Amino acid sequence: MTPEAMAHLHAGAMTLPRPWSAAEFAALLATPGTFAIGDSRAFALGRVILDEAELLTLATAPQQRRKGLARTCLAGFHARALSLGATRAFLEVSADNTAARALYDGAGYRQSGLRPRYYRQDGAPPVDAVVMARDLTAA
C-alpha cells in the first residue's frame, strides 16, 4: 500500500487517535524495522526494534468490518514481527474502543499499563490509553 492509500483508509477508520497523514505514513515506513501488512480494506503497521514489536496502528475500512480482516492483519503482524526477531509485542488502544480491545484480548494481549488521559480530542474529555502486551513465542 502507498502512504496515500494508508492515510485514506486510516481517515475513514479512525477518530481517536486522530487519523495520520500520508507524510506521517511515509516517514514511518522509511524507518528501519517498520512494515505494513494488509491491503486497501484493512492494514496493520508495525515496527520491530531488537526483540520487541510495536503495533503502531490497525485500521479497517468501516464497510469491511466484521469480516475478520483485522484479525488476519494482526496475525500477519505477529508472524512478520516474529520473523524479524521480536519475541514480545506491545500496543496502545483507547480505553473506550471496546471492539479493538476485544480483538486484542482474543489475540492473547493483556493489559500491562495505562496512560491516563492520553488521547485528547476537541470538545470532549481526554481518554486513557490502555497499554497491552503479548508473548509472540507462545502458541
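The values are calculated or read from the model by the stated rules, or taken from the named source; none is laboratory data. Source: prediction; values computed, not measured. Note that we place each Cβ from the backbone using ideal geometry, even for glycine, and neighbour counts take in every protein chain shown. SASA here: full protein model, heavy atoms, side chains in, ligands and nucleic acids out. Shrake-Rupley method; radii C 1.70, N 1.55, O 1.52, S 1.80 Å.
Restricting L114, L55, L103, L74 to residues that are open to solvent by less than 50 Å² (accessible area, probe 1.4 Å) and either free of Cβ contacts under 8 Å to residues at least 12 places away in the same chain or assigned to a strand (DSSP E or B) (or both) narrows the list to L55.
Only one of (1) over 27 Å from A124 (Cα atoms); (2) of a type outside the set (A, V, I, L, M); (3) touching a Pro at 6+ places or on another chain (Cβ under 9 Å) is not met by G108, so which one is it? If we test G108 against (1) over 27 Å from A124 (Cα atoms); (2) of a type outside the set (A, V, I, L, M); (3) touching a Pro at 6+ places or on another chain (Cβ under 9 Å), just (3) comes out false.
In region 1-30, the residues that are within 24 Å of Q121 (Cα to Cα) form Cβ pairs under 8 Å with partners that are part of a loop (DSSP other than H, G, I, E, B) and among the β-branched types (V, I, T), at six or more places apart or across chains, as follows: A22/T2. Checked across region 82-91, the condition of being outside any loop (DSSP other than H, G, I, E, B), open to solvent by less than 20 Å² (accessible area, probe 1.4 Å), modelled with pLDDT of 95 or more and over 28 Å from A124 (Cβ atoms) holds for at least one residue.
Within region 41-50, does at least one residue satisfy the condition of being open to solvent by 30 Å² or more (accessible area, probe 1.4 Å) and not in a strand (DSSP E or B)? Working first, answer last.
Of region 41-50, the ones open to solvent by 30 Å² or more (accessible area, probe 1.4 Å) are 41, 47, 49-50.
With the extra rule that they be not in a strand (DSSP E or B), the set shrinks to 41, 50.
The answer is yes, given that some residue of region 41-50 is open to solvent by 30 Å² or more (accessible area, probe 1.4 Å) and not in a strand (DSSP E or B).
Of all the criteria given as (1) of a type in the set (V, I, T); (2) open to solvent by less than 60 Å² (accessible area, probe 1.4 Å); (3) in contact (Cβ under 8 Å) with a residue 24 or more places away in the chain, the one not satisfied by T34 is (3).
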